[in-house]
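A.B. asks: Quick one: structure below, then a few questions.
The values are calculated or read from the model by the stated rules, or taken from the named source; none is laboratory data. A quick note: this is a predicted structure, and the numbers were derived from the prediction, not measured. Cβ placement follows ideal geometry from the backbone for every residue including glycine, while neighbour counts extend to all protein chains displayed.
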Amino acid sequence: MSTLIILGSARKDSHTRTLVQNVFADTPHELVDLLDFNISTFDYEADYSKSDEYFDIIGKMTDASTIVFATPVYWYSMSGMMKTFFDRFTDLTTFASDKGKALAGKKTFLFSVGADPEPPTGFESPFELTSKALGMKYIEGVYFSSRGDQFTTIASTASSFLKKIAQSV
């Protein structure tokens, strides 16, 4: 039983990474930073370069019991690299459906950071619906605002979030 965190931030020293590291400091997990992987954009013909590492991450997802998608909010949506990663889930419903089926039953969570006091309307939908489409169980999301006094509520929000992850394992 393990927790895999897939981080999709555009910079190594992002607020999202910092918060993930702080919140999960005492929780066993593996962090996969999408910046460290070569992931091709979705191709209808599945003609990907030999250097494509998408399925390396899918293998890690298969080994985990709980998956946390961590992304900043960029223009009211997930980051571009997280969206590229999500677009490739299409491969798991077509030519690599065996790998997609191996994700069934995994529990998923969303960890997001943005500048507004609340996440945009519908922000969680792609995470929830994608999980459902792949037979995974979306539990819930947590959102942290990087502005003003919002950071003062991090400890209690993070504690509650971690309890839910621990209960799901």
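A.B. asks: When the stretch 121-141 is examined, which residues are found to be out of contact with any strand residue (DSSP E or B) (no Cβ under 6 Å at 6 or more places or on another chain), free of Cβ contacts under 8 Å to residues at least 40 places away in the same chain and not in a helix (DSSP H, G or I)?
C.D. replies: Thr121, Gly122, Gly135, Glu140
A.B. asks: Right, something else. On the given criteria, is Phe37 touching a residue at least 12 places away in the same chain (Cβ under 8 Å) and closer than 18 Å to Thr130 by Cα?
C.D. replies: Taking the combined requirement at face value, the residue does not satisfy it.
A.B. asks: Still on this structure, I have one more. Looking only at the stretch 18-44, which residues are part of a helix (DSSP H, G or I), out of contact with any helix residue (DSSP H, G or I) (no Cβ under 6 Å at 6 or more places or on another chain) and at pLDDT below 95?
C.D. replies: The answer is Thr18, Leu19, Val20, Gln21, Asn22.
A.B. asks: Next question, about the same structure. Quick check: is even one residue across the stretch 61-70 surrounded by 17 or more Cβ atoms within 10 Å (Cβ to Cβ), without any contact (Cβ under 8 Å) to a residue 60 or more places away in the chain and touching a helix residue (DSSP H, G or I) at 6+ places or on another chain (Cβ under 8 Å)? Please lay out each step first, then the result.
C.D. replies: Residues of the stretch 61-70 that are surrounded by 17 or more Cβ atoms within 10 Å (Cβ to Cβ), as a first pass: 61, 64, 66-70.
Next, only the ones that are without any contact (Cβ under 8 Å) to a residue 60 or more places away in the chain stay: 61.
This time we only want the ones that are touching a helix residue (DSSP H, G or I) at 6+ places or on another chain (Cβ under 8 Å), so: none.
No, because not a single residue in the stretch 61-70 is surrounded by 17 or more Cβ atoms within 10 Å (Cβ to Cβ), without any contact (Cβ under 8 Å) to a residue 60 or more places away in the chain and touching a helix residue (DSSP H, G or I) at 6+ places or on another chain (Cβ under 8 Å).
A.B. asks: Ala115 is checked against (1) modelled with pLDDT of 95 or more; (2) closer than 15 Å to Tyr143 by Cα; (3) aliphatic (A, V, I, L, M) and fails just one. What number does that condition carry?
C.D. replies: (1)
A.B. asks: Determine whether the stretch 104-120 contains at least one residue that is out of contact with any Asp or Glu (no Cβ under 6 Å at 6 or more places or on another chain) and part of a helix (DSSP H, G or I).
C.D. replies: No, the conditions are met nowhere in the stretch 104-120.
A.B. asks: Step by step: first the residues of the stretch 40-56, then only those that are free of Cβ contacts under 8 Å to residues at least 40 places away in the same chain and within 17 Å of the chain's Cα centre (by Cα), then the one that is farthest from Lys83 (Cα to Cα). Which residue is that?
C.D. replies: Filtering first and then ranking leaves Asp56.
A.B. asks: Determine whether the stretch 144-161 contains at least one residue that is part of a helix (DSSP H, G or I), in contact with a Gly (Cβ under 6 Å, 6 or more places away or on another chain) and aliphatic (A, V, I, L, M). Don't jump to the end; show me each part of the working.
C.D. replies: Going residue by residue through the stretch 144-161, those that are part of a helix (DSSP H, G or I) are 148-161.
This time we only want the ones that are in contact with a Gly (Cβ under 6 Å, 6 or more places away or on another chain), so: none.
No, every residue in the stretch 144-161 fails to be part of a helix (DSSP H, G or I), in contact with a Gly (Cβ under 6 Å, 6 or more places away or on another chain) and aliphatic (A, V, I, L, M).
A.B. asks: Could I ask something else about it? Restricting the search to the stretch 65-79, which residues are part of a strand (DSSP E or B) and of a type outside the set (A, V, I, L, M, F, W, C)?
C.D. replies: Residues satisfying the conditions are Thr66, Thr71, Pro72, Tyr74, Ser77.
A.B. asks: Follow-up question, since we're still on this one. Taking Lys50 as meeting all but one of (1) of a type outside the set (Asp, Glu); (2) loosely packed, with under 14 Cβ neighbours inside 10 Å; (3) modelled with pLDDT of 95 or more, write down the number of the exception.
C.D. replies: Result: Lys50 fails condition (3) only.
A.B. asks: Now a separate question. Does Phe89 satisfy the condition of being over 12 Å from the mean Cα position of the chain (by Cα) and in contact (Cβ under 8 Å) with a residue 24 or more places away in the chain?
C.D. replies: Working: over 12 Å from the mean Cα position of the chain (by Cα): yes; in contact (Cβ under 8 Å) with a residue 24 or more places away in the chain: yes.
Criteria met by Phe89.
A.B. asks: Just checking, does the stretch 85-92 include any residue being within 23 Å of Lys164 (Cα to Cα) and aliphatic (A, V, I, L, M)?
C.D. replies: Checked the stretch 85-92: no residue is within 23 Å of Lys164 (Cα to Cα) and aliphatic (A, V, I, L, M).
A.B. asks: Please determine whether any residue of the stretch 80-94 is part of a strand (DSSP E or B), crowded, with 21+ Cβ neighbours inside 10 Å and in contact with a Leu (Cβ under 9 Å, 6 or more places away or on another chain).
C.D. replies: Step one: of the stretch 80-94, the residues part of a strand (DSSP E or B) are none.
No: the stretch 80-94 contains no residue that is part of a strand (DSSP E or B), crowded, with 21+ Cβ neighbours inside 10 Å and in contact with a Leu (Cβ under 9 Å, 6 or more places away or on another chain).
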